[in-house]
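Below: the structure, in structure tokens.
Read the figures in this text as sums done on the coordinates, not as results from a lab. The shown structure was predicted, so the numbers you read here are calculated from the model rather than taken from an experiment. Reconstructed Cβ throughout: ideal geometry from the backbone, glycine too, with neighbour counts over all protein chains shown.
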Amino acid sequence: MTVENTREDFELELLAGIYDSLDAIRQEKIRESERQVLNTILVIFQGGQKNGDGARFLLEPGSVEKVLDQFDILNRMDREIEDGRLLRGMKEVALPRELEVVGVFRTSQHVMHPGVFVPLATGQELKNMEGGVEALGVRVDDPYRVEPVQARLGKALGSTWSVLSWKDQNRNWVELIARERMMMYFALSFIVLVSAFCIMAVIFTITIMKKQEIGVMKALGATPFQVVRVFTLQGSIVGFMGSLLGVGLGLLVVHFRDPIYELLKKVGFDIFPADFHGIDGLPAHINTQEVMIVGVGAFLLCVVAALIPAFLTSRHDPARCLRNY
């Protein structure tokens, strides 16, 4: 501090830091007498003004002495006396209650629930909220379509209420599951694509092996469409049986997922650790629409894979096919 025209001169940045620190303490849960002292100090700091270049702050003469006096008042305060004044000013005090534990429950860490369940009247008494509650829970018929219900509740209750869904409360968890599903679809798409290429290679091999038979068919008057239909039908049968078998085996694995999971854990391969996901076992929900889309999509892809070599085969010259060129 320096003195400029009888006024106490401080660096503006330094004094602003002190002011902000004291103001932050004032916002915390402190005794009312302590808050009054801090208010007095902050009022003293507000009584000055910036100098010409705005880099320093000028306080009234004797301001530092007044601030130090307020700190002396804080030092002389007796905690027990101040706490006694605080307790005497309380109109109601929530006292502890003795309760009997009748059961212990266990649930996932991702499910929002209270730490303990007590009767409503007991909870209101313990939290000194007679006739009131902190929050309300709403159960919906379809938890995956909660947004319309959330929008209607927010509109009906107004801005004084905060309406949060289970997706909002577990946003990170939901986004993690969405990424896992995306990566799963990406990997399975490549598997189906590779299977389609395998079917295409098989049909190509068959057309080469049956080149003379194709030549005989075309020499006897078979149209290119008929040749395409023969090999496309063969590829379609393979694709249909493969899709049907894949969907069936998938549903079978989902049905017996827990025994399979326990077997994998016994050999040291835990694909779904409970410590990370917070869920024991493998939860499953079969979406019929997705199963149908994947099955039909795989079948159509196999049909297209068989159609390409069949179309190329139908364009061969019958004479060259009979010579087995």
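By the combined test of axial Cα extent (at least 27 Å) and Kyte-Doolittle hydropathy (mean at least 1.6), the qualifying DSSP H helices of the chain come to 288-314.
Net charge within 14 Å of LEU14 by Cβ-Cβ distance, Lys/Arg positive one each and Asp/Glu negative one each, not counting LEU14 itself?
Numbers: positive: LYS50, ARG56; negative: GLU8, ASP9, GLU11, GLU13, ASP20.
With Lys, Arg at +1 and Asp, Glu at -1, the net is -3.
Taking the charge dipole of the chain about its Cα centre, with +1 at Lys and Arg Cβ atoms and -1 at Asp and Glu Cβ atoms, the residue from ILE25, ILE214, MET292 reaching farthest to the positive side is ILE214.
Give me the dipole magnitude in Debye, nearest 20, for the chain about the Cα centre, with unit charges on the beta carbon: positive for Lys and Arg, negative for Asp and Glu.
Numbers: 34 positive and 39 negative charges, 617 e Å.
In total the dipole reaches around 2960 debye.
Positive end of the dipole of region 1-42 (Cβ unit charges, origin at the Cα centre): among THR6, VAL37, ALA16, the Cα lying farthest that way belongs to VAL37.
Under the definition of Cα pairs under 8 Å and six or more residues apart, what whole-number percent is the relative contact order of region 2-88? Before the final figure, lay out the partial values.
Details: 78 pairs, mean separation 32.1, N = 87.
About 37 percent, as a whole number.
Compared with the alpha-carbon gap, the fully stretched path from LEU120 to PHE225 is longer by 30.1 nm at 0.36 nm per residue. Normalising by residue count, the chain has a Cα convex hull of 358 Å³ per residue. Taking 0.36 nm per residue of separation and subtracting the current Cα-Cα distance, fully stretching the chain between ASP53 and LEU249 would add 62.5 nm.
Given contacts defined as C-alpha pairs under 8 Å and at least six residues apart, what's the relative contact order of region 102-198, whole-number percent?
Numbers: 21 pairs, mean separation 19.4, N = 97.
Worked out over region 102-198, it gives 20 percent.
For the chain, averaging the sequence separation of C-alpha pairs within contact (under 8 Å, six or more residues apart) and dividing by the residue count gives a relative contact order of 16 percent. For ARG56, the amide hydrogen comes within under 5 Å of the amide hydrogens of LEU12, ASN51, counting only partners 5 or more places away or on other chains and with H modelled in the peptide plane.
Regarding region 2-88, what's the average projected area of the Cα-atom convex hull, expressed in nm²?
Working: hull surface 24.1 nm².
Projected over every direction and averaged, the Cα hull of region 2-88 covers 6.0 nm².
Restricting the calculation to Cα atoms, region 165-308 shows an Rg/Rh of 1.16 when the hydrodynamic-style radius is the Kirkwood one.
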